[in-house]
Amino acid sequence: MKQNNREYSDVTPEIVALADKMTANSKIDVELYTKYNVKRGLRDIDGKGVLTGLTDISTITQNKMVDGKLVPCDGELRYRGYNIKDIVGGILEDDRFGFEEVVYLLLFGEMPDKAQLDEFKSILVQYRTLPQNFVRDVILKAPSEDMMNSIARSVLTLFCYDKNPNDTSIQNVLRQSIQLISVFPLLSVYGYHAYNHYLRDKSLYIHRAEPTMSTAEVILSLLRPDRKYTSLEAKVLDMALILHMEHGGGNNSTFTTHVVTSSGTDTYSAIAAALASLKGPKHGGANVKVYEMFEDLKKNISDWNDDEAIDNYLEKLLDKQAFDHKGLIYGMGHAVYTISDPRQRILKGAVKKLADAEGYDKEFALYEKVENLAPKVIGRKRKIYKGVASNVDFYSGLLYSMLDIPCELYTPLFATARIAGWSAHRLEELVNGGKIIRPAYMSISTNKTYTPLDQRNNSK
């Protein structure tokens, strides 16, 4: 029987009944995880990650040794041994763009000199182009309201345009990685414009990237109809991209990259898998949630200086009585950092500078007020007194909104930065790997006796 798209996607009563049966037969007693010492989410009872590999690409520090004991400390993030605070500080001091330089650092393990950086930038520009008619035939012909889906589809389709897509030699994978790093801004922004035009009936803008532009400038130039942006806007975006580029091998999308790469698959499939991971709201979608949470707060609180009203709203969030009823204050807390997220501290200063310049000082003050009140509310409601710090997602949504970047592109911008880290980890896995990553799962099923089909009666 012929079905239209809506009927094709319908969840029928038959599917509902089968889903109920599947759920009933798939439940695992949570006490068994403790009994067999299974680390759910690959994290132990203290929240520390289970060691599954080694990496030289980045280092996260959240504890320090005091009197023979590990105690929480201010968070620290290092790229290839360099403190991210020093990297960003040096770029700011020189008043220049730094994304491309840090891509070089992550891929090759050392800081480039000027000649090396100039050569690498020229290579990035050389590869910052899509195959002929790719935009028309791939991006514009199948627009999606989900930008991460659009990018993943484009990445997988690029496989078909590569003469050596399955070659996993280091030289070929490096070439593929540099190409993908270069074109991710195009895939993201063009995908958004296709959605905006075909699904929202807005004007269509497809600009070309200028060879002299940095990655941050390319994003703003391709996104805006008039292609105009200020130096401050582009450099704050450049900083945000640097802070999101890499975060250890244990985050979900980077671990996915290692796992999929270890199977011997191609670069396009590995990056598409990482994109699928980042798309998940528990990973890459947090900055959107922060922004939407604040929009809901603004609708419910007229006086942004009323601490009591804001405090009450935050309590309602935790009590699942406000916003999305998930019981979370988005942007607060982190799986690794407890005292502070070093990325957040750097980004906050840049966001404040842009807010003052763009007239968003009241919005910034509201964010800062929530940042100060939320730990107290969480401590009071959840009995957590060790401290809950804001993370890098807390201010990034405000930053993107000040840059007039639509919510649909928040997670794709994360991906545009993080592909540098994914690429570095994929190459590291290929250089040092050899074994497919295959963790163990314990079966808890009981043996059953097979019954011939004509003797079964499950309706009893």
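The values are calculated or read from the model by the stated rules, or taken from the named source; none is laboratory data. The structure displayed is predicted, hence computed values, not measured ones. Virtual Cβ from ideal backbone geometry, glycine too; neighbours counted across all protein chains shown. Ligands, DNA and RNA are stripped out before the accessible areas are found, and what is left, the full protein with its side chains, is counted by its heavy atoms. Shrake-Rupley method; radii C 1.70, N 1.55, O 1.52, S 1.80 Å.
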Highest mean packing first, using Cβ neighbours within 10 angstrom, the peptides 403-410, 206-213, 97-104 sort as 97-104, 403-410, 206-213
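Per-residue counts of other Cβ atoms within 10 Å, averaged by peptide: what ranking do you get for 294-303, 35-44, highest first?
Values: 294-303: 13.5, 35-44: 11.2.
Final packing ranking: 294-303, 35-44.
Multiplying the sequence separation of LYS39 and LYS298 by 0.36 nm and subtracting their Cα-Cα distance, what value in nm do you get?
Values: separation 259, 0.36 × 259 = 93.24 nm, distance 3.98 nm.
Extending this stretch completely gives an extra 89.3 nm.
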Taking protein heavy atoms only, a 1.4 Å probe, and rounding to whole percent, the accessible area of segment 228-297 owed to carbon and sulfur comes out at 56 percent
Distance in nm between label sites at LYS383 and LYS48, each 7 Å beyond Cα in the beta-carbon direction? 2.4 nm
Once amide hydrogens are built 1.01 Å from N within the peptide plane, the residues lying 5 or more places from SER390 or on another chain with amide H under 5 Å from its amide H are GLY333
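Looking at the calculated P(r) for segment 148-302, what percent of the C-alpha pair distances fall above 26 Å?
Numbers: 4464 of 11935 pairs.
Of the Cα pairs, 37 percent sit more than 26 Å apart.
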Given a Förster distance of 25 angstrom, what is the FRET efficiency for GLU110 paired with THR265, based on the Cβ-Cβ distance and rounded to 0.05? 0.30
Give the Cα extents of segment 68-217 along the principal axes, in whole Å, largest first. 59, 35, 34
Sum up the lysine pairs in segment 177-312 that clear both bars: alpha-carbon distance under 27 Å and a spacing of 8 or more or different chains. 12
So how many Lys-Lys pairs in segment 1-130 land under 30 Å Cα to Cα, not counting same-chain pairs under 8 apart? 18
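Quote the relative contact order of segment 295-396 in percent (integer), defining contacts as alpha-carbon pairs under 8 Å separated by 6+ residues. Write down the numbers at each step before the final one.
Working: 106 pairs, mean separation 36.5, N = 102.
That works out to 36 percent.
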Packing-based order for 418-430, 240-252, 441-453, using average beta carbon neighbours within 10 Å, highest first: 418-430, 240-252, 441-453
When Rg and Dmax of the Cα atoms in Å is calculated directly from the model, which label among (i) 24.0, 79; (ii) 23.3, 85; (iii) 21.7, 65 fits? (i)
Using amide H atoms built 1.01 Å from N in the peptide plane, name the residues 5+ places from ILE339, or on other chains, whose amide H lies under 5 Å from its own. CYS73, GLY75
Give me the 1.4 Å probe accessible area per residue for the chain, excluding ligands and nucleic acids, in Å². 54 Å²
Run the accessible area of segment 305-460 with a 1.4 Å probe and give the carbon-and-sulfur part as a rounded percent. 48 percent
Proximal lysine pairs, segment 329-457, alpha carbons under 25 Å, eight or more residues apart or interchain: 14
How much of the accessible area of segment 125-168, in percent, comes from carbon and sulfur atoms when a 1.4 Å probe is used? 46 percent
Helix hunt in the chain: which complete DSSP H runs extend at least 30 Å axially by C-alpha with mean Kyte-Doolittle at least -1.0? 170-198, 361-382, 410-432
